[in-house]
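Here's the structure we're looking at; comments come further down.
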Amino acid sequence: MKHVDQWTDNTTQRRQDWYFRLGAIGIGIAILALWEVLPLTGLVNPIILPPFSKVAVALFTLMQQPFFPGHLAVTFNEIIIGFIIGTLLGLGIGIALAVWPSAKRLAYPFVVGFQAIPKIVFAPLFIAWFGFGQTSKIVMAVVIAFFPVLINTMVGLESVPSDARKLMRSLKATPLQIFWKVSFLHALPIIFAGVQAAFTFAVIGAIVGEFVGSQEGLGYLLNLYNFQLRIDRAFAVIVILATIGAAGFFLLEWADRKFIFWRERS
Amino acid sequence: MPNPKLQLVEAPVAGASDRSVINTRSISKIFSLPEGPVTALRDVNITVSKGDFVSFVGPSGCGKSTLLNIIAGLLPPTSGTAELYGEAITSPSRRMGFMFQTAVLLPWRTVEGNVLLPAEVYGMDPKAVRDKARSVIEAVGLKDFIKAYPKQLSGGMQQRVALARVLTYEPEILLMDEPFGALDEFTREAMNLELMRITQSAGITCIFVTHNITEAVFLSDKVVVMTPRPGKVSGVVDVTLPRPREIETMKDPAFADLIFEVRNLLGRHI
Ligand SMILES: Nc1ncnc2c1ncn2[C@@H]1O[C@H](COP(=O)(O)OP(=O)(O)OP(=O)(O)O)[C@@H](O)[C@H]1O
Ligand SMILES: [Mg+2]
């Protein structure tokens, strides 16, 4: 009986999932159709918003340009390196602050203060400090990306149930054992949510850095096409950036489901 | 009522009585809170003999958990000492196993993985413990769930895992803080019978915290009745009902008398 119930539950669940998926696809198609039709009717100036089909063509031709792979690689590098360094930095500082209470008390005001600053204001500064190359963009990505990881690491490590710690203490576990066998794994679902946010932020950091000053990268291309009023190409770059962001996000989502299988999911 | 001072004089010197496993010698515990000090325990003297099943009963806040934590070596007393075989308890000991009100399982570990956690912490070779762990998991009725994860188990099953986790390491003393308090009446009864069977056959000394008088009398050789503000022992009831005990034991008129006696000791203070 129990198994049968579970099975029917699963199928209704799956059917609902499909309804929602189809609904989302429907909405997507509607938006694209509107995008195509509005500029053609003249309600929207096609120079401001080129129809979807023109953007699709622009995307196709852009990707075949010989200069394109270089720009893509530059931005991709900035994002990935910024994301990795930012994640490790956030993780390291978060763990240090969580396991060392006096460090936390000393550093917390600065952490909070730093969080209050819109980090984008540093972009021109980083260009001045680290030049027009990739370094300044990576630094920008790191500075934005490390924050959610830091906060989530601290919150996650502090939310370890006291009973679990008590159990480990009753077993005479060393602090290191308590950390690796209980605290860290307990915090991992929360930390990973921060890591997911970090990826999105790393994309923002890299692009903002490129906007402010660069001679290569997708952000540079986007800026250039804007100035040239080649809005179809500008949209094509946006589509590529959106794809990178979404791909990273869903990859991490997949990793989350696979490796953090014990996470409570609603 | 015996004078506690007198009791102290009469109490055996450390090591003098070979049957006493745990002694508390005028334990007091004062928590300092921002609103002022809270006396959780005052001058508590109890003796637990080898193989005995002892329950602590009392209303909420009378210090049962505090006393158990002190005995477990998880909490230092403000004054007095708790002794294990005549030696002061200053930190947890592997001779004592601890069970909580909730199972406290690690959700990323299977039933077996959870039961093997102490082995890893103790630095034992998990392979050497695996067979023992499996037989204990079977003994608590979870044979088919060895590879299951905690969230796939009911509350009662999770508590069985916790019991298996502690029994696998053959503790001489089992300390339990309302271990089945979160379970429904039927499951709790079944778990109690099982606990009694296992601890009796292994000769494990048990200290069991509960606020269920019937449960305390049914399981115990001794019921320590505690009263709040400040938490202290108001009396100890010796339960002389024969063993092995079954559900039918509850029909025994002596059972009702004992419950009444415990209630009486409590009643004067609530
Ligand atoms: N860590 C603590 N800090 C401050 N006060 C505490 C602490 N632990 C317990 N107390 C206080 O000590 C008293 C006894 O608490 P304890 O948890 O031992 O009671 P209990 O008998 O186990 O109650 P319950 O049946 O509700 O579990 C209470 O008044 C409680 O507020
Ligand atoms: Mg308690």
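Which value, in Å², gives the accessible area per residue of segment A:55-259 when a 1.4 Å probe is used on the protein heavy atoms? Before the final figure, lay out the partial values.
Values: 9940 Å² over 205 residues.
About 49 Å² of surface per residue is accessible.
Please work out how much length the chain gains when fully extended from B:Lys143 to B:Leu74, using 0.36 nm per residue of separation minus the C-alpha to C-alpha distance, in nm with one decimal. Display every interim value, and only then the final one.
Details: separation 69, 0.36 × 69 = 24.84 nm, distance 3.23 nm.
Full extension from B:Lys143 to B:Leu74 adds 21.6 nm.
Below 8 Å between Cα atoms, with a sequence gap of 6+, how large is the relative contact order for chain B in percent? Let's see the in-between values first.
On the way: 488 pairs, mean separation 64.0, N = 270.
About 24 percent, as a whole number.
Mind pulling the angle between the C-alpha long axis of helix A:101-116 and the longest principal axis of chain A? Nearest 10 degrees, somewhere in 0 to 90.
For A:101-116 against chain A, the angle is about 20 degrees.
If one computes the Cα centroid of segment A:95-161 and of segment B:15-81, what distance in Å separates the two points?
Spelled out, the Cα-based centre of one part sits 46 Å from the other.
Let's see if you can work this out: charge +1 on each Lys and Arg Cβ, -1 on each Asp and Glu Cβ, no other charges. What is the dipole magnitude of segment A:55-259 about its Cα centre, in debye to the nearest 20?
Details: 13 positive and 8 negative charges, 161 e Å.
For segment A:55-259, the charge dipole is close to 780 debye.
Mind grabbing the interface size between B and A? I mean buried accessible area, both sides, 1.4 Å probe, in Å² to the nearest hundred.
Details: alone 13300 and 16120 Å², together 27500 Å².
Chains B and A together bury roughly 1900 Å² of accessible area.
Among B:249-261, A:223-235, B:170-182, A:192-204, how do they line up by average Cβ neighbours within 10 Å per residue, starting with the highest? List each step's numbers first, then the result.
Working: B:249-261: 14.4, A:223-235: 17.0, B:170-182: 21.2, A:192-204: 23.3.
My ranking of the peptides, most packed first, is A:192-204, B:170-182, A:223-235, B:249-261.
In the protein assembly as shown, what % of DSSP beta bridges are antiparallel (nearest 5)?
Within the protein assembly as shown, antiparallel bridges account for around 55 percent of the total.
Which Cα, out of A:Pro175, A:Thr135, A:Gln228, lies furthest along the positive dipole direction of segment A:55-259 (beta carbon charges, K/R +1, D/E -1)?
A:Pro175
Please find the FRET efficiency linking B:Glu170 to B:Glu35, where r is the Cβ-Cβ separation and R0 is fixed at 41 Å, and quote it to the nearest 0.05. Working shown, then result.
Numbers: r = 44 Å, r/R0 = 1.06.
For B:Glu170 and B:Glu35, the calculated efficiency is 0.40.
Quick check for you: with a 1.4 Å probe and neighbouring chains kept, what is the accessible area per residue of chain B, in Å²?
Details: 12330 Å² over 270 residues.
Result: 46 Å² per residue.
With contacts defined as alpha carbon pairs under 8 Å and 6 or more residues apart, what's the relative contact order of chain A in percent?
The normalised contact order for chain A reaches 24 percent.
When the accessible area of segment B:125-186 is computed with all protein chains present and a 1.4 Å probe, what percentage of it is carbon and sulfur?
In segment B:125-186, the share of accessible area belonging to carbon and sulfur is 50 percent.
State, to one decimal in nm, how far the label point of A:Leu229 lies from the label point of A:Ala73, with both points 7 Å from Cα in the Cβ direction.
3.5
What net charge do the residues around B:Val129 carry, taking every other residue with its C-beta under 14 Å from that of B:Val129, with Lys and Arg at +1 and Asp and Glu at -1? Intermediate values should be presented prior to the final figure.
Numbers: positive: B:Arg94, B:Lys127, B:Arg130, B:Lys132, B:Arg134, B:Arg165; negative: B:Glu112, B:Glu120, B:Asp125, B:Asp131, B:Glu170.
Here the charged neighbours net out to +1.
What is the percent carbon and sulfur in the accessible area of chain A, measuring with a 1.4 Å probe over the protein chains and ignoring ligands?
Working: 10920 of 15170 Å².
The C+S portion of the solvent-accessible surface of chain A is 72 percent.
Apply the a/c threshold of 1.5 to the C-alpha gyration tensor of segment A:1-126 and tell me whether it is rounded, prolate or oblate. Write out the running numbers ahead of the final one.
Numbers: a/c = 2.36, a/b = 1.21, b/c = 1.96.
Note, shape of segment A:1-126 comes out oblate.
Calculate the dipole size of chain B relative to its Cα centre from +1 charges on Lys and Arg beta carbons and -1 charges on Asp and Glu beta carbons; express the result in debye to the nearest 20.
My answer is approximately 440 debye.
What list of ³J(HN,Hα) couplings, whole Hz, do you get for segment B:51-61 from phi and the Karplus terms 6.51, -1.76, 1.60, once you set θ to phi - 60° and write x for glycine and proline?
x, 6, 10, 10, 10, 9, 10, x, x, 4, x
Which links in A:Lys181/B:Lys127; A:Lys181/B:Lys29; B:Lys127/B:Lys147; B:Lys64/B:Lys251 stretch past 20 Å when you go from one Cα to the other?
Values: A:Lys181/B:Lys127 18 Å; A:Lys181/B:Lys29 32 Å; B:Lys127/B:Lys147 16 Å; B:Lys64/B:Lys251 28 Å.
Too far apart for the 20 Å limit: A:Lys181/B:Lys29; B:Lys64/B:Lys251.
Could you list log10 I(q)/I(0) for chain A at q = 0.10, 0.17 Å⁻¹, which the Debye formula gives when each Cα is one point scatterer?
Values, matching the q order: -0.71, -1.26.
In nanometres, what is the gap between the two model label sites at A:Arg105 and B:Arg95, each 7 Å from Cα along Cα-to-Cβ?
For A:Arg105 paired with B:Arg95, the spin-label model returns 3.8 nm.
Just add up the charged neighbours of A:Ile48: K/R +1, D/E -1, any other residue whose Cβ is under 13 Å from the Cβ of A:Ile48.
On the way: positive: A:Lys54, A:Arg230; negative: A:Asp232.
Taking every other residue near A:Ile48 into account, the sum is +1.
Let me check against my output: what whole-number percent is the relative contact order of segment A:187-258, with C-alpha pairs under 8 Å and at least 6 apart? Please report the intermediate quantities before stating the final value.
Working: 38 pairs, mean separation 23.0, N = 72.
Over segment A:187-258, the number comes to 32 percent.
The values are calculated or read from the model by the stated rules, or taken from the named source; none is laboratory data. Everything quoted here is computed from the prediction, not taken from an experiment. Every residue, glycine among them, receives a Cβ derived from its backbone with ideal geometry; neighbour counts consider all protein chains shown. Note: areas computed on protein heavy atoms with side chains; ligands, DNA, RNA excluded. Shrake-Rupley method; radii C 1.70, N 1.55, O 1.52, S 1.80 Å.
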